[in-house]
Amino acid sequence: MKLHELSLQETHEQLSSRKISSAELTRAYLERVQRIDPQVKSYVTVSEDLALEQARQADERIKSGDGLTTLTGIPYSAKDSLSTRGVNTTCSSKILENYKPFYDSTAITNLNLAGSVLLGKNNMDEFGMGSSTENSGFFTTRNPWNFDRVPGGSSGGSAAAVAAGLAPFALGEDTGGSVRMPASFCGVTGLKTTYGRVSRYGLIPLVSSFDTIGPMARSAYDVSLVLEAIAGHDPKDGTSRVESVQNYSESLKKAENLRGLRIGIPKEYFVEGLDKEVDASVRAAIKQIESLGAEVMEVSLPHTQYAIPVYYLILFAEASSNLAKYDGVRFGLSERTTGDLMDVYLKTRETGFGAETKRRIMLGTFALSAGYYDAYYLKAQKVRALIRQDFQKAFETCDALITPVAPTTAFRIGEKISNPLDMYLSDVFVVAINLAGIPALSVPCGFSNGLPIGMQVMGPHLSEETLLRIGHLYQSQTDWHTKHPPCW
Amino acid sequence: MNYEPIIGLEVHAELLTRSKMFCGCEVVDSITAKPNRYICPVCTGQPGALPVLNRKAIELAVRVGLALGCEIHAESIFARKNYFYPDLPKGYQISQYDQPLATDGKLLIETEAGIKEIRIRRVHLEEDTGKLSHADAHSFIDYNRSGVPLLEIVTEPGLRSPDEAKAYASALRAILRYLDVNSGDMEKGVIRFEANVSVRKTGSDQLNPRTEIKNLNSFRALAQGIEYEIARQTEIYSRGGIVEQETLGFNEAAGKTYSQRGKEDAHDYRYFPEPDLPPLVLDADWIHSIRTQLPELPDAKTKRFISDFNLTPSDARFLTSDLSLAHYFERVAASSKSPAKTVHSWIAGEFMRNLNDSGASIGDVTLAPESFAQLIDMVTDKIIGGNAAKIVLTELLQNGGDPAQIVKEKGLAQVSDESFIQEAVTKVLNDNPSEVEKYLAGKETLLQWFVGQVARATKGKADPNVTRDALVKGLEERRK
């Protein structure tokens, strides 16, 4: 038995019956990380000491039998935008290279309470700005299926870690596809949660009104177990949802078919530019879902074509403000060698931020400036409302929508980095979901030239249970999610 | 050519909440507290920290909005005001912009020409910044104050003189104290002013470029800064020049404004709705319950003092200008059998003079209102004279004690025994032959001087009426 091949449920059973210890399991993962990650490069920080200490505590907890949860003693990794007390939290930016937060984000606190073990922090595009991890201030993560390919982004490190068996699950963060797109490229299951379902407290923001934390794992069922642990209202986050959290895993266990479920296929998502094999795989998956009893119908989301410009405009604007605090005064990089205050600001930000980050700060500052606000930011918000309405209308007649996650499989490292617009367009199927704040699940549904393909299942606000049920039943009949890359 | 000033004020008032605007940190005295002890990830702008609204701050702000007769909006929006400065940890201040909490209020002020209504444009909530200090070529930042709730109250440009600005500022301070939302301690910087000033030819309806004077932290500085700015702008126009729109600082020691930023360097704050906070939605019933719990405000108290105590409007307004003073007056008046007018004269006169002399404020007074009332009644009952009572009051304010006991110890009881007074009168007349001569030659105003001499000789014990009669009699006798 190889420990890293167990599902979360199996791992839990091994741990709770004390056939294995958390320390043993944790060491096995740390050993894999040490051996395999130099090629994959999914981690920016490995928190070995903390992991072993947390594993020791988990073993004590298991021994005493008190307050055991499904995730007690199970290791995981987290995107480096989630604040972890005393553990480097860099957002893969040089400006935060040695930053150690003195508090935990709520999602991490929730996993601490569950007794999970933090292995380390995953590489990402700097502050979440990118679709390939090539914008990381440190290095590019490789797609475990093909080291010449990108893992997707911005949660590329988390997706690659799960795909390569370097963590049984990971916490990602999705601002405009950052969980779903890398999940699709790496062949893992990733959930973009409803905005506000998981507290953002301690999540270093890219776009405060889009950011969502979501689980990335090897199956919809594993995702449901993680979601149960991290979701819920948080009084520290004024935008967090107050509705109580469902018992997702219990509901998945009971699910038998998809009878009575109406699935919409938005025609605007099956258009020119969509890779033929991706198209065929997703359509085949839809057929499979239909065979599970769901009713499939075509729907329209007429404002889809505006999603990319609207998304990026709002992103630039909010990001330019969210990134203002990196001024070299209180934490992170501080260039204080010469000059006055303005020099500290300019040098710190010039040295600390990467090119893409600077580009977005400048565009956002411009879009919010006097005389331009109405034409850009305000207009974008108005169109955002229309896009949201599109979804509301679609959900009047269906319970979920299915589309591809990305128009292609993972592209080559270096292929798009010199053309930002091309890179932005790889997000064409994912960003509208963040504009609407709805949840969406990325589920592996095929391969093309040895690279995974993902389908996107989306639903109305707080429909996570429905999405996970669709994913779970689909995975109970298919084996795409059980396939592993060569480095596994 | 005559010029008239157009003045608008922005007042920043810290709100008396226990915790900060967007986090649970305690609000402390930013002058005495040790620096950076009352801070957390939120108020120091740590990456990932999020603001959460302080319900109490909203309640206090609504209280002020209602007291100023504003419309309280059912929905208002917080916005980010973006600029870089080390005392601003997030790189933006959370404030309100195009949808503030309250708008369209008014405040009545007393001017030389009578009561004037000053329109209030808006009242909104925001957070205070940290505090910078500089020493030995280093700058230090204290974030204790960062995130303390601030209320910004903005007038329409309806003020027309430094005195009006001062009257508005002090009337507003009184209201904030009445509402118990601000301590009113100007020297601690809990209320700060910014004035927008322009001048134009009298009678013109033209609007000229205005300057904004920042850092006006006392009533005196407020009036001085505006005064200086009016003179400066008037001088520029009268020699045919043009006033530039700019932001000014005020040097209190020199009494002068100085340029901080020109129009070209004006900040573009790039306001946009704060995505970390949902719109602030206020329940109508909640607003109503705050309204019903509003205390009596200065105008209402003034009216009541006029009708209940038969005071003149200006006497009443003097007392109600400060909540503590009004309370003190009411308690003295309630314990005293003397007319309220008499109580007012004692408080407005000797009592205030003593406070001013010792640099104390009404809050420092330990003298029980009942003792003060007892003293005033001793004068009314002619047990002691007015001059003697002044001596006792000073003693009471400085060292405390019982008025009757002090009168006894100092031997200040008034005497109307004619032989005792006659003796003093005879001595005074004998000792001052030249004044007697002048009086008899027709300078009858000297009579009051003689009364004073007798009062001094008797240590204030002589009844002034009996003294006057005895003096007139004695002087007339000497005419013969």
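The values are calculated or read from the model by the stated rules, or taken from the named source; none is laboratory data. Quantities reported herein were computed from a predicted structural model and do not represent experimental measurements. As a convention, Cβ positions derive from the backbone with ideal geometry for all residues, glycine included, and neighbour counts pool all protein chains shown.
Points worth noting:
- Residue list for region A:181-203, restricted to those being touching a Ser or Thr at 6+ places or on another chain (Cβ under 6 Å) and assigned to a loop (DSSP other than H, G, I, E, B): A:T193, A:Y195, A:G196, A:S199, A:Y201, A:G202
- Scanning region A:240-260 for residues being more than 14 Å from every other protein chain (Cβ to nearest Cβ), surrounded by fewer than 20 Cβ atoms within 10 Å (Cβ to Cβ) and not acidic (D, E) gives a total of 11.
- For region A:336-356, the tally of residues that are of a type outside the set (A, V, I, L, M), surrounded by fewer than 18 Cβ atoms within 10 Å (Cβ to Cβ) and away from every other protein chain (no Cβ under 11 Å) stands at 7.
- Of the strands (runs of 3 or more DSSP E) entirely within region B:1-98, those holding at least 1 residues that are closer than 12 Å to B:E127 by Cα and of a type in the set (F, W, Y) occupy B:78-82, B:92-96.
- Remark: A:R197 falls outside the filter, which requires a residue to be over 24 Å from A:V117 (Cα atoms) and charged (D, E, K, R).
- For region B:390-418, a residue qualifies if it is farther than 17 Å from B:A333 by Cα and either of a type in the set (A, V, I, L, M, F, W, C) or assigned to a strand (DSSP E or B) (or both), and the qualifying residues are B:I391, B:V392, B:L396, B:L397, B:A404, B:I406, B:V407, B:L412, B:A413, B:V415.
- When we screen B:L355, B:L294 for residues that are under 17 Å from the mean Cα position of the chain (by Cα), farther than 30 Å from A:T239 by Cβ and either more than 14 Å from chain A (Cβ to nearest Cβ) or assigned to a helix (DSSP H, G or I) (or both), the only hit is B:L355.
- Number of residues in region B:246-270 that are under 34 Å from the mean Cα position of the chain (by Cα) and within 12 Å of chain A (Cβ to nearest Cβ): the value is 3.
- Of all residues making up region A:191-207, the number that are facing chain B (nearest Cβ under 9 Å) and over 11 Å from A:A231 (Cα atoms): 6
- Residue in region A:263-274 that is within 14 Å of chain B (Cβ to nearest Cβ), surrounded by 18 or more Cβ atoms within 10 Å (Cβ to Cβ) and in contact (Cβ under 8 Å) with a residue 12 or more places away in the chain present: no
- Residue that is farthest from the other protein chains (Cβ to nearest Cβ) [pool: residues in region A:208-230 that are within 14 Å of the chain's Cα centre (by Cα) and assigned to a loop (DSSP other than H, G, I, E, B)]: A:R218
- Any hit, region A:82-98, residues being without any contact (Cβ under 8 Å) to a residue 24 or more places away in the chain and within 14 Å of chain B (Cβ to nearest Cβ): yes
- Under the condition of being within 10 Å of chain B (Cβ to nearest Cβ) and either of a type in the set (F, W, Y) or outside any loop (DSSP other than H, G, I, E, B) (or both), the residues counted in region A:360-379 number 9.
- Where A:D237 falls short, out of the listed (1) within 14 Å of another protein chain (Cβ to nearest Cβ); (2) at pLDDT below 95: (2)
- Single unsatisfied condition, B:R479 versus (1) surrounded by 13 or more Cβ atoms within 10 Å (Cβ to Cβ); (2) touching a helix residue (DSSP H, G or I) at 6+ places or on another chain (Cβ under 8 Å): (1)
- Count of region B:388-406 residues which are under 13 Å from B:K461 (Cα atoms) and touching a helix residue (DSSP H, G or I) at 6+ places or on another chain (Cβ under 6 Å): 3
- B:L429 vs. criteria without any contact (Cβ under 8 Å) to a residue 24 or more places away in the chain, at negative phi and surrounded by 15 or more Cβ atoms within 10 Å (Cβ to Cβ): no
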